[in-house]
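Heads up, the thing below is written out as structure tokens.
Nothing in this text is a laboratory measurement; each read-out follows from the coordinates by a stated rule. It should be emphasised that the depicted structure is a prediction, and the values quoted were computed from it without experimental measurement. For neighbour counting, all protein chains shown are included, and Cβ atoms are generated from backbone atoms with ideal geometry for every residue, glycine included.
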Amino acid sequence: MKKFWKNANGRLKAGMIITLIFLIIGFVVFYIPHTDPFFNNTYPRKLAPSWEHPLGTTSLGQDIFWLLVEAIHNSLSIGLIVATIGTVAGVLVGLVAGFSGGLTDRILMVITDTFVVIPSLPILVLMTALMRGSSTVILLALVLAMFAWAWPSRQIRSMALSIKERDFIQTAWFSGEGTMQVVVTEILPYALTWSLSNFMNATLNAIASESSLAVLGLSPGNLLSLGNMIQWARDRNAIFAGQWFWIGSPIVATVLLFIGLFLLITGYNDYLQMKRGR
Amino acid sequence: MKFRKYFGLRLVTWALTILIGVTFIFFIPRMFPTDPVENMIGQIQSRSGQMDPQEMAALRKSLRVQFGLEGSLWEQYLAYLWRGLLHFDFGPSLVSFPTPAGEIIATYLPYTLFLSLISTLLAWIIGNAIGLLAGFRKNKRSSKILEGIAICIYPVPYFLVALILQIVFAYLLGWFPLQSNINAMGGTAAYLRSLFRASFLPALSQLLVGTGWWIISMKSLSAATAEEDFVQYARFRGLAERRIGASYVMRNSILTQITALAMSLGGAFNGAIMTEIIFSYPGVGALIQKAILQSDYNMILGCITISIVAISTATLIADLIYPFIDPRIRYS
């Protein structure tokens, strides 16, 4: 761990610190007992920031700090669920395509390429618009995951193609290991290092898509996410009422979270490249 | 001959992409338990009270025809491909009945294309120019600062950049209107002025995000190219730095960026939709939002079909131009 930190580049370090702060807010601070911020009129309205309410309260009498904490928790959870589904599916499809070759490969790649090129947002809009009213967080995550697998599968496939010919794989074949075993013991470890950056990328994309849908009013209405928090503040005219903590805190948090994740991804990719170079 | 094969292959991929995408948006809604017709009937009932059963059956029947839900799944699919994909006929808009949805989209689409094509191309040019400079002289302080700015803008989703610009420039500073309003009355000059005022902030927010990405990617590309042997050789030959930058580093790294431009169009379109919605810019994005709010499914379906066709076609064009720019292409 110490060595890893010493070898890490500036971006990776900055990204890890920012992301870690968000993870702590979303998964540690979140579990400190607090009043459910979802309900209206738990506190006086439009309070300025104070010790009791670090970011003040909304015009509905909700505590903005705890709204933000829960929004970060929910957005991160959605991002992680979607990224997990997408990465697992992507790795599977990519490995199958890369190793089977021939017609299977062709067909899988046409489908994958379509999903890479197709504009995802309009289709997400169509699906969530149809689910409106009956949509739940799990359904939303599944829908978002449909667009999370294509890019990883493309990358894993090209990785599989290049790795297939390497010596240690040949050695494994000749020493009589079965296909399954070669894939699990020799190739999966490789695929996983690669997939980590795809995983973080998918997390970022999923949070971005969810918040875009929220602005359209298509995210589940009971889901307190960063996007919905921004949208609700806009709906309640927080901008015109000058309630900058209400509208501003989710905006600042989202921007920071995205910058942090992006630094983490590019920093990690650079780190991998440097490691391979040595 | 090889050239023809390359074109043929690209055309097949183009057709397949559209077909798969469109098939997808045809079948997915039909796999959902929600029925748009029942939704509509529920809405109509809540607006105008109870109706007698006979009227209701007639209404249900006519709505099913309007939604293209008559006949077997296969018939519906073929009808949709024939009318929707080949003739851009998606049935009437259910809100502005009986104007066809396709006709309404046709009046909004040029605004979206105008806005997103200009900002995408500008972003590509500006971002690559800055990225080239920053990558070619990567140890200069200004290069690092520029890249830092790009890193802080690019990962932020389009709608958030749009929202921040709206708050700062339209609300706090009051330089631009909060909501885009295009003045169709009062002659060409007034129209153009209002078009410019309405498009400035949406274009700027798309430009910022786009430029950020091209700076980041071009910087790492040109930094890698600048280390290559042929660039070192050019240096030893005593060529001017400018010349090395323009004809050695740029020529070699710009090619990757042209392919990347084709790949980025889908994302840029997503961004255009979100930006339009924040500024109520009268394009396809705002149309989609309105259609969602009013549950106008024919309109939603139409907008999405046309977006898929438009983006695949733009990608195809970029792919077809590529061999004219890269003399080394092997048409594979």
Q. Relative to the longest principal Cα axis of chain A, at what angle does helix A:120-131 sit, 0 to 90 degrees, rounded to 10?
A. 60 degrees
Q: Mind checking A:196-209 for the average number of partner chain beta-carbons within 10 Å of each residue's beta-carbon?
A: 1
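Please work out the Cα convex hull volume for the stretch B:230-278 and give it in Å³ per residue.
Each residue corresponds to 84 Å³ of Cα convex hull volume.
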Q) Which order results if B:K290, B:K144 are arranged by neighbouring Cβ count within 10 Å, fewest first? A) B:K144, B:K290
Q: Output the pairs from A:K13/A:K275; A:K2/B:K144; A:K164/A:K275; A:K13/B:K140 with a Cα-Cα distance over 24 Å in this structure; if there are none, say none.
A: A:K2/B:K144
Q. Which far-off residues, 5 or more places away or on another chain, put their amide H under 5 Å from the one on A:L60, with H placed in the peptide plane?
A. A:K46
Q.
Taking the number of other C-beta atoms within 10 Å as the exposure measure, put B:Y158, A:Y31 in order starting with the fewest.
A. A:Y31, B:Y158
Q) Tell me, what HN-Hα J-couplings in whole Hz come from the Karplus equation 6.51 cos²θ - 1.76 cosθ + 1.60 at θ = phi - 60° for each residue of the stretch A:237-246, using x for Gly and Pro? A) 6, 4, 5, 6, 7, x, 8, 5, 5, 5
Q: Provide, for q = 0.08, 0.09, 0.10 Å⁻¹, the log10 of I(q)/I(0) from a solvent-free Debye sum over equal Cα point scatterers in the protein assembly as shown.
A: -0.64, -0.82, -1.02
**Q.** For chain B, convex hull of alpha carbons as volume per residue, Å³
**A.** 192 Å³
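Restricting attention to the stretch A:154-202, which trypsin sites (Lys or Arg not before Pro) occupy a DSSP loop and are surrounded by at most 15 other Cβ atoms within 10 Å? Before the final figure, lay out the partial values.
Details: sites: A:R154, A:R157, A:K164, A:R166; in loops: A:R166.
Those that pass, being in a loop and sparsely packed, are A:R166.
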Q. If you count, for every residue in B:306-313, the Cβ atoms of partner chains within 10 Å of its Cβ, what is the mean?
A. 3
Q: Quick one: angle between helix B:36-48 and the longest Cα principal axis of chain B, in degrees between 0 and 90, rounded to 10, please.
A: 60 degrees
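Return an integer: the convex hull volume of the alpha-carbon atoms of chain A, in Å³ per residue.
160 Å³
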Q: Within 10 Å of each residue's Cβ, count the other Cβ atoms and sort A:W5, B:W213, A:W246 from fewest upward.
A: A:W5, B:W213, A:W246
Q. Relative to the longest principal axis of chain A, what angle (0 to 90°, nearest 10) does the C-alpha long axis of helix A:102-117 take?
A. 20 degrees
Q: In whole Hz, with x marking every Gly and Pro, tabulate ³J(HN,Hα) for the stretch A:165-174 from phi via Karplus 6.51 cos²θ - 1.76 cosθ + 1.60, θ = phi - 60°.
A: 8, 6, 4, 5, 6, 4, 4, 4, 4, 5
**Q.** Backbone HN-Hα couplings from phi across the stretch B:304-312 [Karplus 6.51/-1.76/1.60, Hz, Gly and Pro as x]
**A.** 6, 4, 5, 4, 5, 4, 4, 5, 4
Q. What percent do you get for the relative contact order of the stretch A:12-275 when only Cα pairs under 8 Å and 6+ apart count?
A. 29 percent
Q) Which lysines does B:K290 reach when only Cα atoms under 27 Å apart count, and residues fewer than 8 places away in its own chain are ignored? A) B:K61
Q. In nm, to one decimal, how far is the B:D229 label point from the B:Q179 one, both placed 7 Å along Cα→Cβ?
A. 6.4 nm
Q: Would you mind checking which residues have amide H under 5 Å from B:D89's amide H? H placed 1.01 Å from N; only 5 or more apart, or other chain.
A: B:G84
